[in-house]
Amino acid sequence: MKTRIEIQNLKCGGCETTILNKLLGVEGVETVSINVPTNRVIIEYTEESVLLKIKKHFLVSAIQQLMMKII
């Protein structure tokens, strides 16, 4: 299965590497392709439940980053 997502403020190779490593760390993710200029990420994964894991992972990461900015 394959899905495309857009990530706002994807600005550099460091961002690309961080996202790539996080996504490849999700069990079931097979490949990740990131296009920094268009802010697009294409993810290939084994089953639909993997997409839910990816969404949950990004939500948790976003909340953690927000909490660090507030503190």
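Is the range 29-45 home to any residue that is modelled with pLDDT of 85 or more, hydrophobic (A, V, I, L, M, F, W, C), in a helix (DSSP H, G or I) and touching a strand residue (DSSP E or B) at 6+ places or on another chain (Cβ under 6 Å)?
No, the range 29-45 contains no residue that is modelled with pLDDT of 85 or more, hydrophobic (A, V, I, L, M, F, W, C), in a helix (DSSP H, G or I) and touching a strand residue (DSSP E or B) at 6+ places or on another chain (Cβ under 6 Å).
Going through the range 4-20 one residue at a time, which ones are at pLDDT 85 or above and closer than 16 Å to E44 by Cβ?
R4, L20
Hey, could you check the range 1-30 for residues that are surrounded by 12 or more Cβ atoms within 10 Å (Cβ to Cβ) and in contact with an Asp or Glu (Cβ under 8 Å, 6 or more places away or on another chain) and say which is farthest from S61 (Cα to Cα)?
Let us first name the residues in the range 1-30 that are surrounded by 12 or more Cβ atoms within 10 Å (Cβ to Cβ), namely 1, 3, 5, 7, 10, 15-16, 18-20, 22-24, 26, 28-30.
Among the residues that remain, those that are also in contact with an Asp or Glu (Cβ under 8 Å, 6 or more places away or on another chain) are: 1, 10, 28-30.
Details: M1: 23, L10: 15, G28: 19, V29: 17, E30: 21 Å.
Ranking the candidates gives M1 first.
The values are calculated or read from the model by the stated rules, or taken from the named source; none is laboratory data. Just so you know, these numbers come straight off a predicted model, no measurement behind them. Every residue, glycine as well, gets a Cβ built from its backbone with ideal geometry; the counts of neighbours run over all protein chains shown.
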